[in-house]
Amino acid sequence: KGMNQELQNPIAKWPFGAATVVSLSATGAQNIDIYNNLTIVDGASVIATGERTLNLSIAPDVQPGARLVVKTKTTAVETLTPGTGMTGTVTTGVAGKTFVAEYVYDGITFIQTAAAVQID
């Protein structure tokens with residue numbers, strides 16, 4: 001494909017297409033399919049009421065350098081744990097606060113780039 005064709009393709013991957021946005025449920029194991037080079041995990045629109053674990057199923061054509069941005073908001077000190085396909089630390093919530101962490105794909109797993117940051 002030429003670049004112009006990719007820009008016109010509505011299912012093109014980021015940066016030529018939109019990022020994928022995935023919403024989390026309030027508690028439990030969260031199974032997420034990763035097929036785009038930028039995925040935003042929205043765990044803030046639905047506030048965590050229990051422990052969450054992210055388990056990734058990574059498509060074989062996801063490129064090293066792909067990014068995963070994870071937002072989580074909690075009612076108290078619920079945790080978000082990196083599971084399958086991820087390497088990083090557990091994020092422990094603070095009542096009513098939102099935390100964001102970024103992960104970068106190294107060709108094998110998504111690796112957390114820094115500690116989660118509280119944004120509100």
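Quick note: the coordinates plus some simple rules give every number you see, no bench work behind them. Just so we're clear, the structure is a prediction, and the values are computed from it rather than from any experiment. Cβ sites come from the backbone with ideal geometry, for glycine too, and all protein chains shown count toward neighbours.
For n ≥ 4 DSSP H runs only, could you compute -39500 (n - 2.57) per run for the chain, divide by its residues and tell me the 222 nm figure to the nearest 500?
-1000 deg cm²/dmol
With point charges of +1 on the Cβ of Lys and Arg and -1 on the Cβ of Asp and Glu, referenced to the Cα centre of the chain, which listed residue (N55, T20, T92) lies farthest in the positive direction of the dipole?
T20
Of all DSSP beta bridges in the chain, what percent run antiparallel (nearest 5)?
The answer is about 35 percent antiparallel.
Just one of [x] 17; [y] 21; [z] 26 is percent of Cα pairs over 26 Å apart calculated from these coordinates, so which is it?
[y]
Quote to one decimal, in nm, the extra length available between D106 and V69 on full extension: 0.36 nm per residue of separation minus the C-alpha distance between them.
11.8 nm
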